[in-house]
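Written out below as structure tokens is the structure these notes cover.
The values are calculated or read from the model by the stated rules, or taken from the named source; none is laboratory data. Just so we're clear, the structure is a prediction, and the values are computed from it rather than from any experiment. Neighbour counts are summed over all protein chains in view; Cβ atoms, including those assigned to glycine, are modelled from backbone coordinates with ideal geometry.
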């Protein structure tokens, strides 16, 4: 609107200036005398200006006539396309000018103007490989998706613009949520340009979303082959895909293939916790306890995690609590001061009813790194040492509002996941989950078994005293949660 007003004002000023200039020349006195070979011509100022304009027009016409004569001479000398090139030159100039104006309109957000210029450029140039793309982008800007898809289909029909057409149709299908068609288009576009990085990522994400792990691994290998990702990133993501493939094989019941896939995933990325757990479980099923122990120790040295401790416990499910403490000492030796190590050993000592040792193991963890789990462990220690109910309830009350501690979080959208997944359930990003503490932990009351894992085997193998202790803690947590909830309701109603 403002630009249109500026153009109108400029036009009015220009007309006024020309009118003023014309009146000034008419009213001016004097003349210009031209003498040539005995002829003398006297011109007033206004006639001089008119004569100059006429001379410029005549000169331009003479140049055009000279160009036509040159083209005619070339045609007569045997150049069959000389005349057609002469007449096409003007059309091309007008067409390219329209293309340039259309691109400028597209960049400035004027979709309708861009479509008009694209139509004009097509009229003069007759090169749809150039003008169709401008038309499609202008149609997208104006919201005319039907027109854009129609133009993209025309681009697909031309070998020179097939990839551009497929890419445009792919974007539309992704916006519509039609992932099945989008996957087929991505495969076709990838076949046309396997080195296109954006298409590699799109195809990989779609294949992973469909859980076609084998195809996704092939795409990832092609991505690495063409130099789109470094070796270490390829190794890590291939391990993630191998792990996902192993989990899929587990669901189908193919045991031998599942074993091979799990072990392969761990070899590719030993620090990938889910792969280490799955590979260790497979070695345990095969009776290869030494290999399972080596895998879990290597993963623990990189990143201590409760799932690793649980898998380590499954190696010898029937051992006594004291034997378990002794065996776990070899697992946690490399990370003695890590919070996960302290809480794990405290749980084992609680299971062995060595409550003073559990208190020493925790140390100042409830103050330096307070979490719901460490608070619950302190409640269990106080209960085991015979403390009063008010002390135990005090720790449980603190556990209700304490941070959850490290969790599986997406590095892209910060969504918390209850378990590791290859694809974020929120933003669908691939391989973005990491085990870390949220910036602002959730305030929630987990189940008692999650708060107090007690790495001592299955329920049937757990001693009666341990079941009673864990059960009492769970009941008191639930009761304390009810009290807190009732207080919150009373405050809100007040």
Practice prompt. Read through the list (1) surrounded by 17 or more Cβ atoms within 10 Å (Cβ to Cβ); (2) at pLDDT below 50; (3) not in a loop (DSSP other than H, G, I, E, B), then give the number of the only condition that residue 456 fails.
Written response: (3)
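Restricting to the range 298-316, count the residues that are closer than 21 Å to residue 269 by Cβ, part of a helix (DSSP H, G or I) and touching a helix residue (DSSP H, G or I) at 6+ places or on another chain (Cβ under 9 Å).
11
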Discussion item. One residue is enough: does the range 364-385 have a residue meeting the conditions surrounded by fewer than 19 Cβ atoms within 10 Å (Cβ to Cβ) and on the phi > 0 side of the Ramachandran plot?
Written reply: no
Response to the item:
So, first residue free of Cβ contacts under 8 Å to residues at least 12 places away in the same chain in the range 198-217, second residue part of a helix (DSSP H, G or I) and crowded, with 16+ Cβ neighbours inside 10 Å, Cβ within less than 7 Å, six or more apart or across chains; the pairs are 215/207
Fill in: Complete set of residues in the range 405-418 that are outside any strand (DSSP E or B), in contact with a strand residue (DSSP E or B) (Cβ under 8 Å, 6 or more places away or on another chain) and under 19 Å from residue 306 (Cα atoms)
406, 418
Discussion item. Only one of 356, 339 is under 24 Å from residue 418 (Cα atoms) and at pLDDT below 95. Can you tell me which?
Written reply: 339
Worksheet item: Does residue 329 satisfy the criteria of being within 28 Å of residue 297 (Cβ to Cβ) and assigned to a helix (DSSP H, G or I)?
Response: yes
Worksheet, complete the sentence: When restricted to 319, 382, 347, 421, the only residue assigned to a loop (DSSP other than H, G, I, E, B) and modelled with pLDDT of 90 or more is 319
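Run down 361, 341 and say which single residue is more than 16 Å from residue 297 (Cβ to Cβ), surrounded by 18 or more Cβ atoms within 10 Å (Cβ to Cβ) and under 44 Å from the mean Cα position of the chain (by Cα).
Of the residues listed, the single one that is more than 16 Å from residue 297 (Cβ to Cβ), surrounded by 18 or more Cβ atoms within 10 Å (Cβ to Cβ) and under 44 Å from the mean Cα position of the chain (by Cα) is 361.
Please verify whether residue 52 is at pLDDT 70 or above and either surrounded by 11 or more Cβ atoms within 10 Å (Cβ to Cβ) or within 30 Å of residue 110 (Cβ to Cβ) (or both), treating the condition exactly as stated.
It is false that residue 52 is at pLDDT 70 or above and either surrounded by 11 or more Cβ atoms within 10 Å (Cβ to Cβ) or within 30 Å of residue 110 (Cβ to Cβ) (or both).
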Discussion item. Against the condition surrounded by 15 or more Cβ atoms within 10 Å (Cβ to Cβ) and not in a helix (DSSP H, G or I), how does residue 335 come out, does it pass?
Written reply: yes
Worksheet item: Taking the range 246-281 as the region of interest, how many residues are in a helix (DSSP H, G or I) and at pLDDT below 85?
Response: 21
Practice prompt. Scan the helices (runs of 4 or more DSSP H) fully inside the range 120-221 and keep the ones with 2 or more residues being surrounded by fewer than 16 Cβ atoms within 10 Å (Cβ to Cβ) and under 25 Å from the mean Cα position of the chain (by Cα).
Written response: 162-176, 179-192, 197-209
Practice prompt. Just one of (1) more than 26 Å from residue 344 (Cα to Cα); (2) surrounded by fewer than 23 Cβ atoms within 10 Å (Cβ to Cβ); (3) modelled with pLDDT of 75 or more trips up residue 302, so point out which.
Written response: (1)
Worksheet item: Can residue 70 be described as loosely packed, with under 13 Cβ neighbours inside 10 Å, in a helix (DSSP H, G or I) and modelled with pLDDT of 75 or more?
Response: no
